[in-house]
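To keep things clear, I will list the structure first and then write my remarks on it.
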Amino acid sequence: MMTVHISFNKEQDTQVRGASVEDSRRGEALRQILLSRYYGSNYHHLRDLAQRDNSSTRGSSTSIFRKTELTLEEVQCHLKKEGATDLVINLIIGNYSEKIFHESVLLGIALLEGGNNDNQTSFYNQLLQDQGSEKFFEVFHEKIEAAQLELKNSSTVNASELLTRAADPGTSSWSREDPTSNNLKQLAPELVEELADAAGQTKKAIENVQRPHVA
C-alpha cells in the first residue's frame, strides 16, 4: 500500500508542476501580446534594445521587457488592478469603431481566460452598479443583429447564384472545378429540373418588378 501512495503522490506532483508551467507559459504569452499592442510597431525594436542592454548588464532587472515568473491568473489580476476591466466596459459602451470593439472583446476574453473568479466578479459588479451598463448590452445586441443580417444576406446571395447556375449551366461563370458544380452533378435529374424551373420563375418575377423602372 505504501508503494501505491508514493506512486500516486508522484503522479500528482507531476500534474501540478505541469499545470504550473502551462499557466506560466500562458501568462507570458498574454504579457507579450499586451506589450506588443501597447508599443505597436516599435515593440520588436525596443525589445531587441532591451535584450542587448540586459546582456551588457548581466541580467539587470531594470528592463521593462524582462521575463517574469507570473502565472496567467496573476497577470490577469494585475491588469484588473490597473483598471483593465473598467477599460473594456468603457470602450465597448463608447462603441467608437469596429476595430476598437473587436480589440476590447479580445482583451475581455484574455482577462477571463481560465475562469478568473476575481475578474468575473469585477465585471459583474461594474455592470451591476454602473448606470451605463444598459448601453453595454445594447452595443452587443446591435453587433449580433448586424452579424446575423450579414450572414442572412450572404446565404441569400449564395442561394441565388446556385439557382442561376442551375438554370444556365453553360454560363461562363460555371467552372468544372467548382465544388458546387460537382454537387449539382450528383443531384437527381428531377431535382435539377426543379431548381432550373425555380430559377426561371425567379428571373421572370424580377424582370416584372424592374420593368416599370426601365423606361
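Per-structure values
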quantity: Nearest-20 debye value, the range 68-135 charge dipole, Cβ charges on Lys, Arg, Asp, Glu; calculated: 200
quantity: Given charges at beta-carbon only (K, R positive; D, E negative), |dipole| of the range 97-136 in Debye; calculated: 60
quantity: Dmax and Rg, reported as Rg then Dmax, of the range 68-135 (C-alpha, Å); calculated: 12.2, 39
quantity: Efficiency of FRET between Ser154 and Glu134 - r from beta-carbon atoms, R0 25 angstrom, step 0.05; calculated: 0.25
quantity: Extension gain, Asn125 back to Ala146 (0.36 nm per residue minus Cα-Cα distance, nm); calculated: 4.7 nm
quantity: FRET efficiency, 1/(1 + (r/R0)^6) with R0 45 Å, evaluated for Ala196 and Lys81 via beta carbons; calculated: 0.10
quantity: Under Karplus coefficients 6.51, -1.76 and 1.60, residue-wise ³J(HN,Hα) of the range 82-99 in Hz, glycine/proline x; calculated: 7, x, 5, 5, 5, 4, 4, 4, 5, 5, 5, 4, x, 6, 6, 7, 5, 5
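Each value in this text was obtained by applying a stated rule to the coordinates, not by laboratory testing. Computed from a predicted model, the values in this text were never measured in an experiment. Backbone-built Cβ (ideal geometry, glycine too); neighbour counts: all protein chains shown.
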